[in-house]
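Asker: One structure, as structure tokens, below. Some questions next.
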Amino acid sequence: MSKNSKEFIPRLTFAALRGGSGKTIASLGVARALARRGQKITVFKKGPDYIDAAWLSQAAGTPCYNLDAFLMSRQTLTGSFYHRAACSDLAVIEGNRGLFDGVDIKGAFSTAQLAGMLGSRIILVVDCTKVTRTAAAMIKGCMDFEPDVSIAGIILNRVAGRRHESILRGAIEEYAGIPVLGKIPRLKQDPLPMRHLGLTPAFEYRGSEKALDMLADIAEDNIQLHRLKEIAAPLADCNQQVKDDKASREIPAPMGSVKIGVIRDAAFQFYYPENLEALEKRGAELLFLNAVSDSQVPDIHGLYIGGGFPETQAQHLEANMELKHGLRKLIESGLPVYAECGGLMYLGRNLLWKDKKYQMLGVLEWDFVLKRRPVGHGYSVLSFSDSSPFFKKGDVIKGHEFHYSLPVPTGGSDNARFCCQVQRGHGFDGRVDGISYRNIFGTYTHIHALGNGKWGENMIRACMKYKKRQGDKAR
């Protein structure tokens, strides 16, 4: 059988006992170190995540793709994996939270479940802060908890010194019978910068290349990279009952030539590469805008504003009057706009953060107040109780939300309406989400195109209608 076939794609899933244990640092270090050796590393992130994914992409020098069994079907997930990872020297999959943590007591949609779907062996990253022999008991517990889960090796994190490492290694190999493949020493300073909502996006951090090279150096010096490659062969019986999803690898017929603006800058950066591909595959030309520094809006037939951190750039967004004026004019003319989370906030009147008020586009009569704790966090499901520019009544979309903003109506002459009922999640108030005004659709839910197959098609169709209307007006 060809080694380019799916059964021979080397793959490893990096997991941990809990979030914050070091699996991101380990995944980044290994991916960067092997990429520097000239190997083709394909990276994946389990669960809804943009920030870790962006760091993984920069570390490997290749796009990072999302794998999430809640957001997409098993068939679509495995099909996407095989398609993306084909001919890779190694597929690196970073898990999320603890190994067995899911949405219920059965661990649905957990990292362990994902590894089983993909036939991937697991490298368990263990935070060794103030622990020695007990680490072996925790690892043994994980091995016995779900015996079918293939934990193939251990990476020790935050190791204090040689004596600490020696006791840990001896206890784990003696009592758990599993090899320790390396360590990450306890570092005086976190190489990955943190800020108010967690890890700073790689896009914003000027020292990202230096940080990744430092992690790669740590991996080269302390982790047995050759052994990782040796154990990365997929499990022999993986996915025998799962067929590839053709939709993940076939190129759909272009629907028409349209230009879609995508605001991507320091404020808005949360886009799954699959979402952008879904638009391009159907004939869209993507034109990237910078809401912080661009003054002119190009000739576009639609606009996609993803999530991000508009609060960190609020002063610059407010000051860019020329771009705001151009966007408002187009929106009032009926420009189709799909806005997620941070993009939704940009459409509102004011953004209030740290006792200051910043004027945004003002096309929606809502203010958005940043809170200290999450307002909505986790998977979400929306059902359409009314039609919208991109979905029809009766449609259901699945996604995720993670927002600290509280929407507050301003009491103005807003004629926007809500299109969605919240089946799972929080949305605007725990009941409704999906606000529509003219051809705007704004929502707190981030969707993944592979789990919402009609999204790209519907976006293109709305843009084509707008393009036709504008052409008719020009005649």
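We did not get these values from a lab; they are worked out from the coordinates using the rules stated. Keep in mind that what you see is a predicted model, and the values were worked out from it rather than measured. Reconstructed Cβ throughout: ideal geometry from the backbone, glycine too, with neighbour counts over all protein chains shown.
Asker: At 222 nm, what helix-only mean residue ellipticity would the chain give, in deg cm²/dmol to the nearest 500, using -39500 (n - 2.57) for each DSSP H run of four or more?
Answerer: It comes out at -9000 deg cm²/dmol, rounded to the nearest 500.
Asker: If we sort 11-21, 173-183 on the protection proxy, mean other Cβ atoms within 10 Å, highest first, what's the order?
Answerer: Final packing ranking: 11-21, 173-183.
Asker: Mind listing the phi-derived Karplus ³J(HN,Hα) values for segment 309-323, rounded to whole Hz, using 6.51, -1.76 and 1.60 with θ = phi - 60°, and x for any glycine or proline?
Answerer: 10, x, 5, 6, 10, 4, 4, 6, 5, 5, 6, 7, 5, 5, 5
Asker: Can you pull the one-decimal nm distance between simple spin-label points at Phe288 and Met321, each 7 Å off the Cα toward Cβ?
Answerer: 2.9
Asker: Multiply the residue gap between Lys259 and Lys392 by 0.36 nm, knock off their C-alpha separation, and tell me the result in nm, one decimal place.
Answerer: This chain segment gains 45.6 nm when fully extended.
Asker: Please list, in chain and number order, the residues 5+ apart from Ser150 or on another chain whose amide H is under 5 Å from its amide H, with Hs placed from the backbone.
Answerer: Ile122
Asker: Please provide three numbers in whole Å: the alpha-carbon extents of segment 254-474 along the principal axes, with the largest listed first.
Answerer: 45, 39, 34
Asker: Right, something else. Once you compute Rg and the Kirkwood Rh from C-alpha atoms, what is the Rg to Rh ratio for segment 60-106?
Answerer: That ratio is 1.00, to two decimals.
Asker: Kindly rank 263-270, 206-213 from highest to lowest mean number of other beta carbons found within 10 Å of each residue.
Answerer: Put in order of decreasing packing, that is 263-270, 206-213.
Asker: Per the Kirkwood definition applied to all pairs of different Cα atoms, how many angstroms is the hydrodynamic radius of segment 130-213?
Answerer: It works out to 14.9 Å.
Asker: Could the peptides 37-50, 291-304 be put in order, highest first, of the mean number of other beta-carbon atoms found within 10 Å of their residues?
Answerer: Top of the packing list down: 37-50, 291-304.
Asker: With the crude spin-label approximation of a point 7 Å out along Cα→Cβ, what separation in nm comes out for Lys106 versus Lys40?
Answerer: 3.8
Asker: Now, a different point. Hey, with R₀ at 30 Å, roughly what FRET efficiency would Thr410 and Ser295 work out to, going by the Cβ-Cβ distance, to 0.05?
Answerer: 0.65
Asker: Here's something else I'd like to know. Please list, in order along segment 174-191, the HN-Hα scalar couplings obtained from phi with the Karplus expression 6.51 cos²θ - 1.76 cosθ + 1.60 (θ = phi - 60°), rounded to whole Hz, x for Gly and Pro.
Answerer: 6, 9, 9, x, 10, x, 8, 9, x, 9, 10, x, 5, 9, 5, 9, 5, x
Asker: Would you mind getting me the FRET efficiency between Gln189 and Arg163? Use the beta-carbon distance for r and R0 = 30 Å, nearest 0.05.
Answerer: Rounded to the nearest 0.05, the efficiency is 0.85.
Asker: Taking R0 as 25 Å, what's the FRET efficiency between Gln423 and Arg373 from their Cβ-Cβ distance, rounded to 0.05?
Answerer: After rounding to 0.05, the efficiency reads 0.60.
Asker: Dividing the alpha-carbon Rg of the chain by 2.2 N^0.38 Å yields what?
Answerer: So the chain has a normalised radius of gyration of 1.02.
Asker: Kindly put Trp353, Trp55 in sequence by how many other C-beta atoms sit within 10 Å of each C-beta, fewest to most.
Answerer: Ordered by Cβ neighbours within 10 Å, fewest first: Trp353, Trp55.
Asker: For segment 8-231, compute Rg over Rh where Rg is the Cα radius of gyration and Rh is the Kirkwood radius from the inverse mean 1/r over Cα pairs.
Answerer: Expressed as Rg/Rh, it is 0.94.
Asker: I've got another one for you. Any idea what Rg and Dmax come out to for segment 385-475 if you just take the C-alpha atoms, in Å?
Answerer: 14.8, 47
Asker: Going by Cα centres, segment 405-475 and segment 10-88 are how many Å apart?
Answerer: Rounded to whole Å, the Cα centres lie 30 Å apart.
Asker: Between Met138 and Ile231, what length in nm is gained on full extension when 0.36 nm per residue of separation is reduced by their alpha carbon distance?
Answerer: 31.3 nm
Asker: Let me ask something else. Any idea what angle helix 454-474 forms with the longest principal axis of the chain, computed on alpha-carbon atoms, 0 to 90 degrees, nearest 10?
Answerer: 30
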